[in-house]
1. Which of LEU75, LEU6, LEU109 sits farthest toward the positive end of the charge dipole of the chain, with +1 on the Cβ of Lys and Arg and -1 on the Cβ of Asp and Glu?
2. If you rank PHE122, PHE83 by how much accessible surface each has, with a 1.4 Å probe, what is the order from largest down?
3. Candidates [x] 0.93; [y] 0.95; [z] 1.01; which is the computed Rg/Rh (Cα atoms, Kirkwood Rh)?
4. So which trypsin sites (Lys or Arg not before Pro) in the range 38-82 are both in a DSSP loop and have at most 13 other Cβ atoms within 10 Å of their Cβ?
5. Once neighbouring chains are kept in place and the probe is 1.4 Å, which whole percent of the accessible area of the range 1-84 is contributed by carbon and sulfur?
6. Could you give the size of the charge dipole of the range 1-147 about its Cα centre, using +1 on the Cβ of each K and R and -1 on the Cβ of each D and E, expressed in debye and rounded to the nearest 20?
7. Net charge near LEU25, counting Lys/Arg +1 and Asp/Glu -1 over other residues with Cβ under 11 Å of its Cβ?
8. Using +1 on the beta carbon of Lys and Arg, -1 on that of Asp and Glu, and nothing else charged, what's the dipole of the range 51-127 about the Cα centre, debye to 20?
Amino acid sequence: MTQAPLRLGVLDIGSNSAHLRVADLWPGHPPAGVRSVKTAVRLAEATDRHGVIHRPAVGRLIGAVRESVASAAALGVDELIPFATSALRDAANRDDVVREVRAATGVGLGFLTGEQEARLTFLAARRWCGWSAGPMLLADIGGGSMELAAGSGREPDIA
């Protein structure tokens, strides 16, 4: 491994926390973890019955994204991939919150659907356990959602 790796940062904004994971990537090798930074945002508990995320949580989210961007820069991250899952994806004021985060931090948040989350979790588990695990059923239980995936191949038969 003589060439420098790609240093990737993935920012996963969930119901309870914003989690930055930084890894070095070399072709043909498993990712090498560099750092993990987790910041409480508590979006789920700050969402009312109409699906609106309230101001204090938006402030925590902006602070967490700023902290993650600063950590990524300090660690020399080449590419930062920020995405949000169910708590923000399903919020009634999602577009307003995303605009506010971008205006305050310069970070544009992407979204994963529940099916995409389930498929990625299955793929990661298959790579971790290998083919010897046989058919797999996975349950990814988060703070505001649960994704299921099942199958016996590389990709899940259902997610």
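1. Value computed over the given set: LEU75.
2. PHE83, PHE122
3. Label [z] holds the value from this structure.
4. Here the trypsin sites (Lys or Arg not before Pro) that fit, given the DSSP loop and packing criteria, are ARG49.
5. Of all accessible area on the range 1-84, carbon and sulfur atoms account for 55 percent.
6. About 220 debye.
7. Net charge in that neighbourhood comes out at -2.
8. 120 debye
The values are calculated or read from the model by the stated rules, or taken from the named source; none is laboratory data. On a predicted model such as this, the values are computed, not experimentally measured, just so you know. Using ideal geometry, Cβ is built from the backbone for each residue, glycine included, and neighbour counts are taken over all protein chains shown. The area values use the complete protein model at the heavy-atom level, side chains included, leaving out ligands, DNA and RNA. Shrake-Rupley method; radii C 1.70, N 1.55, O 1.52, S 1.80 Å.
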